[in-house]
Each structure stands twice: as C-alpha cells, then as structure tokens.
Amino acid sequence: MRRPYQQIQRRKSRVVNVGNVSIGGNNQIAVQTMTNTLTSNAKDTLEQIERSAKLGVDIVRVSVPDKESSNSLKEIVKHSSVPIVADIHFHYQRGIEAANNGASCIRINPGNIGSIDRVKEVIKAAKDNNCSIRVGVNAGSLEKQILEKYSEPTPEALVESAKLNIKILEDNDFTNFKISVKSSDIFMSISAYEQLAELCDYPLHLGITEAGGKRTGSIKSSIGVGNLLLKGIGDTIRISLSDEPEEEVRVGFEILKSLGLRNRGVKIISCPSCARQQFEVIKTVKNLEKKLDDISTPITVSIIGCVVNGPGEATMTNIGITGGGNDTHMIYLDGKKNNVVKNVDLENYLEKIIRRKTKELELNQ
C-alpha cells in the first residue's frame with residue numbers, strides 16, 4: 001500500500017557472513033541485540049534469545065567474560081535459532097574458545113586484548129572455524145598510543161583505531177569482518193562512521209553505545225543511527241538500551257521500517273489524538289501494539305480519531321479506521337470504505353480483522 005516517498009541508496013559494501021546471515025552488499029540490514037543474562041546460565045540465555053528471535057532479531061551477541069561462559073556457549077550455539085556473536089572483552093583465550101565452540105562471529109575490541117600476537121591467535125581460530133569477526137572500536141576503550149596522540153576520543157581517533165585493526169586482519173589474510181566505531185556522543189559517532197565509510201568497503205555495524213534507557217536511548221539511537229542510514233551508511237544495527245533485549249529489537253525494526261529499509265510486522269499510522277477524537281486513540285494503539293507483537297507479515301494500519309485526516313490516511317493502508325460521531329466509525333480495507341462499526345470493542349475488533357487480513361496477505365505471497 002503506502003510506499004516511501006524516496007528510497008535510500010545504500011553504500012556499496014562487500015558481504016560478510018555471520019552464520020547463515022549475510023551482512024552487506026544488497027542484503028537487508030540486520031537487526032542485532034545482546035543478552036543481559038549470565039551466559040554461564042544457558043537456559044536463561046537461550047530463553048532470552050528466543051524471545052528476541054520471535055520478534056525477528058537476526059543476530060544475538062552474548063558476553064563471554066570467563067571460562068564457565070565459554071563452556072556454556074557450546075550449548076547456547078547448539079540450540080539457538082539465530083547466529084551467535086561472542087563478545088570476548090579482555091580475554092583473547094575466550095575468543096579462541098568461542099570460535100572452537102561454534103560462535104558465528106567474535107566481537108573483539110583490540111584496544112582491550114593486548115598484543116598483536118594475541119589478536120593473531122584469535123584470527124587463526126576464526127579462520128579455522130569459519131567464524132567472522134567484528135572489530136568493535138569504542139570511544140571508551142581506545143588503544144593507549146591513540147589516546148596519547150589525540151589526548152581524548154575523537155572521530156579521527158576512532159577511525160585511526162579501525163584502520164590499525166583492519167591492517168592487522170588484512171596482513172593476516174583475513175577479510176571476513178565488519179567494523180563499528182561507536183561512541184555515546186551522537187556527533188562523534190556520525191563523523192567517525194562517515195569517515196570510515198569513505199575509507200573502506202567492509203560492512204559497518206551501527207550503534208550509539210551506552211545510549212541510555214528506553215526513552216532517551218531510543219531517541220539518541222534514532223537520531224544517530226537514523227542519520228547514518230539516511231545517508232546509505234550501515235549494514236547491521238544494534239540499539240543499545242538499558243532495557244530488555246526485546247525492546248532493542250523493537251526499536252531497531254521501527255527505525256528501519258520508518259526509513260523503508262525493512263518491512264516486517266504491523267506498521268501503525270496513528271494520530272496523537274485531540275478533542276476531535278471519537279474513540280480512545282492512544283489506549284487503542286498502545287494495546288494493539290502489544291497484542292500484535294507476534295505478527296511478522298508486513299501490514300499497514302491507520303488508526304485516526306476523526307474525519308480530518310482519517311479518510312486520506314486510510315486510502316494508503318491495508319486496514320484503516322476513521323472515528324465518527326455517535327460511536328460510529330468507518331472501516332477501510334485496502335484503501336476503500338468497507339463497513340461501519342458502532343458500539344463495538346474496537347481493540348478486539350481491529351485485532352480480529354488485522355489478523356484475518358494478515359493471513360490473506362500470507363496466502364497471496
């Protein structure tokens with residue numbers, strides 16, 4: 001139904017594989033999250049992974065800070081429905097173990113690992129196990145020599161760190177990697193990614209690190225990540241929130257859906273409501289978003305409280321409702337008036353027709 005006014009022209013990048021997910025090139029931008037359970041507890045970690053998987057997450061990262069977590073990783077990889085990235089922190093040995101235990105990708109922050117020899121050992125393990133690498137440059141953990149040169153984290157410092165580590169990987173004949181240059185500062189992150197995008201064709205993993213809680217983090221990430229995506233930069237994203245991983249997935253998909261870069265699940269177009277509304281728009285939208293969380297088939301729904309903009313929006317969506325007087329509201333299907341509803345439980349009624357329309361769309365795919 002509704003098509004984006006303008007399509008984004010993405011930066012051309014090479015393709016890297018994270019398990020069965022291809023990153024870069026013409027592949028869809030992947031949504032990632034990270035578990036916050038103890039990785040040593042495989043049961044809890046897997047349950048959290050699967051909750052995110054139901055929401056459509058493409059890749060999940062787990063923290064591997066110790067030997068117990070490394071051992072648990074083997075069980076997690078075995079039962080996970082999505083590829084697993086192992087974040088090895090300071091410990092190069094955890095990287096070797098992660099590759100041997102089936103991780104699809106290892107996230108390394110070379111500034112934390114130590115000597116180049118240790119990085120080389122991780123590269124060898126990745127090669128031997130067909131495991132990709134993410135070079136995770138972070139403003140909070142730059143190499144000592146780079147901090148000495150720039151005095152403080154800057155976009156140029158982040159990019160120089162990335163270049164140094166690209167060279168290490170390339171010198172060891174390893175090109176199955178993607179890169180991130182994250183900062184909690186939006187402007188620093190955007191500038192670093194823009195510079196890096198000009199210097200190489202490796203896939204870029206986007207994120208504003210330590211972005212904050214659900215509200216502030218979502219806003220910061222939408223501005224920073226959204227700004228880069230609008231310019232065609234970015235092949236995979238993670239929205240870093242002080243919240244549950246599922247919320248990171250929801251926000252990630254909403255950013256991509258808003259830009260026409262992914263089309264998954266129910267996209268609700270709704271008014272903010274005002275004195276003209278003829279039913280409780282805010283309550284209806286909030287509850288429907290929760291009830292329809294499980295739908296993966298792309299479908300657009302307009303929920304407008306009055307006739308000022310309602311009919312116009314409804315002509316561009318799969319399903320629409322426009323509020324009318326005397327508890328009488330117009331329902332639109334595929335942009336056309338279909339029927340009038342009066343004195344019905346709107347939430348349950350809309351859920352029913354949205355699910356019915358979703359099944360119809362699935363059959364026609």
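Values for this structure:
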read-out	value
Segment 190-209 - residue that is in contact (Cβ under 8 Å) with a residue 40 or more places away in the chain and in a loop (DSSP other than H, G, I, E, B) and, of those, nearest to SER222 (Cα to Cα)	THR209
Of residues in segment 326-365 being of a type in the set (Asp, Glu), in a helix (DSSP H, G or I) and over 16 Å from SER302 (Cα atoms), the one farthest from the chain's Cα centre (by Cα)	GLU360
Considering residues of segment 36-70 that are under 23 Å from ASN263 (Cα atoms), part of a helix (DSSP H, G or I) and not polar (S, T, N, Q) only, the residue least open to solvent (accessible area, probe 1.4 Å)	ILE49
Residue check for ALA192: modelled with pLDDT under 95 and crowded, with 21+ Cβ neighbours inside 10 Å	no
Complete set of residues in segment 148-184 that are closer than 26 Å to SER221 by Cβ and aliphatic (A, V, I, L, M)	ALA157, LEU158, VAL159, ALA162, ILE166, ILE179, VAL181
Tally, over segment 113-135, of residues that are among the hydrophobic types (A, V, I, L, M, F, W, C), farther than 15 Å from HIS89 by Cα and at pLDDT below 90	1
Cross-chain or 6+ apart pairs with Cβ under 7 Å, segment 314-339 first and within 20 Å of LEU361 (Cα to Cα), then charged (D, E, K, R) and outside any loop (DSSP other than H, G, I, E, B)	ASN318/LYS357; ILE319/LYS357; GLY320/GLU313
Members of segment 151-189 that are in a helix (DSSP H, G or I), open to solvent by 20 Å² or more (accessible area, probe 1.4 Å), modelled with pLDDT of 95 or more and not charged (D, E, K, R)	PRO155, ILE186, PHE187, MET188
Conditions (1) out of contact with any strand residue (DSSP E or B) (no Cβ under 9 Å at 6 or more places or on another chain); (2) open to solvent by less than 30 Å² (accessible area, probe 1.4 Å); number of the one not met by LEU73	(1)
Count of residues meeting criterion [at pLDDT below 95 and assigned to a helix (DSSP H, G or I)] in segment 75-92	1
Scope segment 236-280; condition among the charged types (D, E, K, R), touching a strand residue (DSSP E or B) at 6+ places or on another chain (Cβ under 7 Å) and within 21 Å of ILE49 (Cα to Cα); matching residues	ARG238, GLU248
Verdict on VAL31 being in a loop (DSSP other than H, G, I, E, B) and under 19 Å from the mean Cα position of the chain (by Cα)	no
Residue pairs meeting the criteria (Cβ under 7 Å; at least 6 apart or on separate chains; first without any contact (Cβ under 8 Å) to a residue 60 or more places away in the chain and of a type in the set (D, E, K, R), in segment 280-298; second in a helix (DSSP H, G or I) and buried (at least 16 other Cβ atoms within 10 Å of the Cβ))	none
Segments classed as helices (runs of 4 or more DSSP H), wholly inside segment 217-325, with at least 1 members that are open to solvent by less than 10 Å² (accessible area, probe 1.4 Å) and of a type in the set (Val, Ile, Thr)	245-258, 281-291
Some residue of segment 135-144 being surrounded by 22 or more Cβ atoms within 10 Å (Cβ to Cβ), out of contact with any helix residue (DSSP H, G or I) (no Cβ under 9 Å at 6 or more places or on another chain) and in a strand (DSSP E or B)	no
Selection from segment 39-59 of residues that are within 16 Å of SER70 (Cβ to Cβ) and in contact with an Asp or Glu (Cβ under 7 Å, 6 or more places away or on another chain)	SER40, ALA42
Any hit, segment 101-115, residues being open to solvent by 60 Å² or more (accessible area, probe 1.4 Å) and more than 19 Å from LEU38 (Cα to Cα)	no
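The values are calculated or read from the model by the stated rules, or taken from the named source; none is laboratory data. For clarity, every value in this text was computed on a predicted model and none was experimentally measured. Here the Cβ is made from the backbone with ideal geometry for all residues, glycine too, and neighbour counts use every protein chain on show. Calculation scope for accessible area: heavy atoms of the full protein, side chains included, ligands and nucleic acids excluded. Shrake-Rupley method; radii C 1.70, N 1.55, O 1.52, S 1.80 Å.
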